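The values are calculated or read from the model by the stated rules, or taken from the named source; none is laboratory data. This is a predicted model, so every value here is computed, not measured. Glycine gets a Cβ as well: all are built from the backbone with ideal geometry, and neighbour counts include every protein chain shown. Heavy atoms of the whole protein, side chains included, go into the accessibility calculation; ligands, DNA and RNA do not. Shrake-Rupley method; radii C 1.70, N 1.55, O 1.52, S 1.80 Å.
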Amino acid sequence: TDPLGSRLINEIVLAEESDEDGLGGFASHFELYHRAMTRCGANTAGIDGFLGELRQGKTVPAALESPGVPGCARQFVRQTFDIIDGENLCAIASAFTFGREVLLPAVFQRIVDELNVEASGGLEDFKYYLNRHIGLDGEEHGPLANRLLLSLCGSDKSRWQVAEQTALDCLEARQELWAGIYEAIRRENRLPTHKTKM
């Protein structure tokens, strides 16, 4: 057993799956995000359809084939689950650390800084969701994830090579996801082509 690893994972899972919801209760970060999307009027049909497929007993790969799942999201989730299914703890920890916890707080901070205050308050839930991630990931989960990765890889060069390659793969997958999202928005709103790397 690894007491340190268990402690770090439990602390991260506690907040990810049952964080303060801003209304006096608790909710997972996914639930906070979904609530925010609904409140601001975003179309959640794709993710709702995907969840419906899962509730009917379909596997993640099968549910991803639902026509409502955008191609860029399908590819990103597949890559994430390929890492999970590989059952290499160093790869999984690296994906979590560098593909999410270390990367996203700075990205989310830029979004929050640029959000305009809407008279209807439609983005308040979204700002709350982003701010929870900025605080938790930047100040707590990021450092915890780094400690977990250090604990798992230790001084083993082969483990660090796996962690490094996984981190690069995850960053590339994230960039492709964002590029796909931008392209979908561009098509919908007839925006100019954006060639700068994200």
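Within the stretch 74-88, is even one residue open to solvent by 60 Å² or more (accessible area, probe 1.4 Å) and over 28 Å from LEU8 (Cα atoms)?
Step one: list which residues in the stretch 74-88 are open to solvent by 60 Å² or more (accessible area, probe 1.4 Å), which gives 75, 78, 81-82, 84-85, 87-88.
Okay, now just the ones that are also over 28 Å from LEU8 (Cα atoms), so 75.
Within the stretch 74-88 (the criterion being open to solvent by 60 Å² or more (accessible area, probe 1.4 Å) and over 28 Å from LEU8 (Cα atoms)), the answer is yes, since at least one residue qualifies.
Scanning the stretch 140-181 for residues that are open to solvent by less than 100 Å² (accessible area, probe 1.4 Å), touching a Leu at 6+ places or on another chain (Cβ under 8 Å) and modelled with pLDDT under 95 yields LEU144, ALA145, LEU148, SER151, LEU152, LEU171, ARG174.
Here is a yes/no grid of residues against (1) touching a residue at least 24 places away in the same chain (Cβ under 8 Å); (2) out of contact with any Gly (no Cβ under 8 Å at 6 or more places or on another chain); (3) not β-branched (Val, Ile, Thr):
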site: LEU149; (1), (2), (3): yes, yes, yes
site: LEU152; (1), (2), (3): yes, no, yes
site: ASP156; (1), (2), (3): no, yes, yes
site: ALA163; (1), (2), (3): yes, yes, yes
site: GLU176; (1), (2), (3): yes, yes, yes
site: ALA184; (1), (2), (3): yes, yes, yes
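Looking for something modelled with pLDDT under 90 and crowded, with 18+ Cβ neighbours inside 10 Å - is there at least one such residue anywhere in the stretch 2-9? So far as the stretch 2-9 goes, yes, one or more of its residues are modelled with pLDDT under 90 and crowded, with 18+ Cβ neighbours inside 10 Å. Within the stretch 47-67, residues that are at pLDDT below 90 reach no partner that is exposed (fewer than 11 other Cβ atoms within 10 Å of the Cβ) and of a type outside the set (Lys, Arg) with beta carbons closer than 8 Å at six or more positions or on different chains. Could you check, for the stretch 39-61, whether at least one of its residues is open to solvent by 80 Å² or more (accessible area, probe 1.4 Å), out of contact with any Pro (no Cβ under 7 Å at 6 or more places or on another chain) and within 26 Å of LEU136 (Cβ to Cβ)? Yes, that holds for at least one residue. Within the stretch 10-38, the residues that satisfy the criterion of being free of Cβ contacts under 8 Å to residues at least 24 places away in the same chain, open to solvent by 50 Å² or more (accessible area, probe 1.4 Å) and of a type in the set (Asp, Glu) are GLU17, GLU31.
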